[in-house]
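Trainee: What follows is a single structure, and I will ask about it in a moment.
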Amino acid sequence: MACKRGALIVLEGVDRAGKTTQCNKLFEALQQSGRPAEMMRFPDRTTTIGKLISAYLENKSDLEDHTVHLLFSANRWEMVPLMKKKLEQGTTLVVDRYAFSGVAFTGAKPGFCLDWCKSPDVGLPKPDLVMFLQLSPSEAALRGQFGEERYEKSDFQRAVQNKFQQLMKDRSVNWQVIDASQSVEDVHKDIMNHSLKAMTCAQNQALAELWK
Ligand code: TMP
């Protein structure tokens with residue numbers, strides 16, 4: 001490695017836990033402290049595959065459940081060359097959702113097992129840190145109504161939360177649970193502390209492969 005690599009940092013959580021706000025705050029804080037960082041989000045709706053996913057999420061098209069699962073995964077794989085390049089250049093990537101959302105959302109549908117859901121994402125760049133923004137359904141409800149997109153329904157979100165709990169039992173992934181009911185600033189402080197530690201560790205470790 002020519003220079004010390006950047007860290008792959010992922011934020012996951014149920015809807016309205018504040019993932020996007022916290023990704024932005026982390027990215028800005030890293031940049032302001034002179035650490036090279038970039039933000040990414042999945043699904044990346046700007047690509048050809050991402051546009052198919054976006055139409056599905058907006059209920060403008062229907063796709064078979066296995067098919068859309070594979071499209072979400074393909075949407076991550078198409079970004080892998082860019083992600084690896086950035087990480088090798090020393091840029092830390094702050095990522096809003098990753099393969100864990102893929103598995104939790106499809107796994108919450110009837111007839112899907114976690115192993116099948118994980119398989120297309122096996123071998124993706126493994127995050128150095130995955131922070132799960134934990135918020136109870138009742139606290140989430142206090143934050144207002146769900147939006148109009150396909151998965152924004154409370155029963156389904158509860159099933160998704162259960163799948164995340166199952167995924168978090170996997171000790172091969174560096175999961176950190178963050179209490180998202182705290183103030184935005186306190187959540188940010190927790191996230192910043194975990195991120196700085198993960199960035200220091202990542203500098204001396206090769207990028208690994210997820211679930212392999
Ligand atoms: P967002 O753009 O608001 O984060 O929403 C994306 C939606 O897509 C959200 O409901 C979670 C869902 N999703 C999947 O079903 N599979 C995936 O792999 C990812 C990344 C998101």
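Trainee: Using the basic label-point model (7 angstrom from Cα toward the beta carbon), what is the Ser181 to Thr67 distance in nanometres?
Mentor: 4.2
Trainee: Give the calculated FRET efficiency between Glu209 and Met39 to the nearest 0.05, with a Förster radius of 30 Å applied to their Cβ-Cβ distance.
Mentor: With a Förster radius of 30 Å, E is 0.85.
Trainee: I'd like the antiparallel share, as a percent to the nearest 5, of DSSP beta bridges with both residues in the chain.
Mentor: DSSP beta bridges in the chain are roughly 5 percent antiparallel.
Trainee: Listed highest first by mean packing, meaning other Cβ atoms within 10 Å per residue, what order do 128-134, 48-54 come in?
Mentor: 128-134, 48-54
Trainee: If you don't mind, another one. Do any GluC sites (Glu not before Pro) in the range 48-89 lie in a loop, going by DSSP, with at most 14 other beta-carbon atoms within 10 Å of their beta carbon, and if so which?
Mentor: Glu58, Glu64, Glu78
Trainee: Please list, ordered by chain and number, the residues whose modelled amide H lies under 5 Å from the amide H of Val95; skip anything fewer than 5 residues away on the same chain.
Mentor: Ile9, Val10, Leu11, Met40
Trainee: Moving on to the next point. Once phi is turned into ³J(HN,Hα) by the Karplus curve 6.51 cos²θ - 1.76 cosθ + 1.60 with θ = phi - 60°, what whole-Hz value does each residue of the range 138-149 show in order, with x for glycine and proline?
Mentor: 5, 5, 4, 4, 5, 7, x, 6, 6, x, 9, 6
Trainee: Could you please state, rounded to a whole Å, how far the C-alpha centre of the range 48-108 is from the C-alpha centre of the range 125-144?
Mentor: Using only Cα atoms, the two centres lie 18 Å from each other.
Trainee: For Lys197 and Arg158, calculate 0.36 nm times their separation in residues minus their Cα-Cα distance, and state this gained length in nm to one decimal.
Mentor: 10.9 nm
Rule-based calculations on the coordinates, nothing more; no lab input. Because the structure is predicted, anything quoted here is derived from the model rather than measured. Ideal geometry is used to build each Cβ from the backbone, glycine not excepted, and the neighbour counts take in all protein chains shown.
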